[in-house]
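Student: Supplied in structure tokens, the structure appears directly below.
The values are calculated or read from the model by the stated rules, or taken from the named source; none is laboratory data. Keep in mind that what you see is a predicted model, and the values were worked out from it rather than measured. All Cβ positions, even for glycine, are placed from backbone atoms using ideal geometry, and neighbour counts span all protein chains on display.
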Amino acid sequence: MTLVSLRVDGGANCHVLNEEYYFIVLYKKEINCTLACGEKSRFQGVGIAIAELSKGNYCILAPAYLSTKDDVCTISPGALKRYSKCKQATHEPLEYLSITTSSNQTIKIKSQTAAGLDYIKLPIHHFKRPLGTKQQRHPFLRRVKPKQLLFRSGIKLTDSMLNNE
């Protein structure tokens with residue numbers, strides 16, 4: 001587990017992580033993208049990460065893209081709602097990120113502002129290196145593109161992790 005600083009980006013449509021080992025699942029592939037400012041960029045892969053919103057309350061960050069050239073990770077309120085089954089994800093600039101899980105639990109995460117941008121810190125659960133496990137497919141992965149995701153660890157995704165309970 002690592003405490004990770006994430007920039008809250010209400011305009012982003014996906015999460016971005018800048019270290020390969022933050023992922024529990026990672027499909028390595030060069031992916032072209034265009035940023036909101038019109039600049040071209042590339043991701044080095046796409047996968048799944050697990051963040052702990054509060055003690056014992058987990059959220060799957062998927063899809064999460066790997067961008068080793070970024071100096072900070074990004075969390076997207078829109079992606080939390082669309083892909084992570086959160087009922088609500090609201091960013092109050094200069095104050096907090098509020099997330100309501102599928103079990104109607106609301107978590108407010110206080111943000112810190114630097115140069116007009118908001119950042120939160122969340123524990124990301126991961127392993128420092130892939131464990132020697134068999135490749136497997138969890139039912140959750142059928143809902144996530146691309147389908148060729150490889151498990152990078154031996155973590156067992158529990159129903160509470162998948163349902164944000």
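Student: Would you please name the residue that is surrounded by the fewest Cβ atoms within 10 Å (Cβ to Cβ), looking only at residues in the range 48-76 that are in contact with an Asp or Glu (Cβ under 9 Å, 6 or more places away or on another chain) and not polar (S, T, N, Q)?
Tutor: The selected residue is Y58.
Student: Filtering the range 106-130 down to residues that are farther than 21 Å from Y22 by Cβ and touching a Ser or Thr at 6+ places or on another chain (Cβ under 8 Å), which residue is surrounded by the fewest Cβ atoms within 10 Å (Cβ to Cβ)?
Tutor: Applying the filter and picking the extreme gives T106.
Student: For the range 91-103, which residues satisfy the criterion of being more than 16 Å from I60 (Cα to Cα) and loosely packed, with under 15 Cβ neighbours inside 10 Å?
Tutor: Those that are more than 16 Å from I60 (Cα to Cα) and loosely packed, with under 15 Cβ neighbours inside 10 Å: E92, P93, L94, E95.
Student: Which of the numbered conditions does Y27 fail, given that it passes all the others? Conditions: (1) out of contact with any Pro (no Cβ under 7 Å at 6 or more places or on another chain); (2) over 22 Å from T101 (Cβ atoms).
Tutor: It fails just one condition, (1).
Student: Listed residues L94, L80, L66; which is in contact with a helix residue (DSSP H, G or I) (Cβ under 9 Å, 6 or more places away or on another chain) and either modelled with pLDDT under 90 or closer than 15 Å to L6 by Cα (or both)?
Tutor: Values: L94 fails: in contact with a helix residue (DSSP H, G or I) (Cβ under 9 Å, 6 or more places away or on another chain); L80 fails: in contact with a helix residue (DSSP H, G or I) (Cβ under 9 Å, 6 or more places away or on another chain).
Among L94, L80, L66, only L66 is in contact with a helix residue (DSSP H, G or I) (Cβ under 9 Å, 6 or more places away or on another chain) and either modelled with pLDDT under 90 or closer than 15 Å to L6 by Cα (or both).
Student: Step by step: first the residues of the range 9-47, then only those that are of a type in the set (V, I, T) and buried (at least 20 other Cβ atoms within 10 Å of the Cβ), then the one that is nearest to A115 (Cα to Cα). Which residue is that? Before the answer, list the steps.
Tutor: Of the residues in the range 9-47, the ones of a type in the set (V, I, T) are 16, 24-25, 31, 34, 46.
Filter again for buried (at least 20 other Cβ atoms within 10 Å of the Cβ), leaving 16, 24-25, 46.
Numbers: V16: 20, I24: 31, V25: 33, V46: 28 Å.
So, considering only residues that are of a type in the set (V, I, T) and buried (at least 20 other Cβ atoms within 10 Å of the Cβ), the one nearest to A115 (Cα to Cα) is V16.
Student: Only residues that are within 13 Å of G10 (Cβ to Cβ), hydrophobic (A, V, I, L, M, F, W, C) and without any contact (Cβ under 8 Å) to a residue 24 or more places away in the chain: list them for the range 86-120, please.
Tutor: A89
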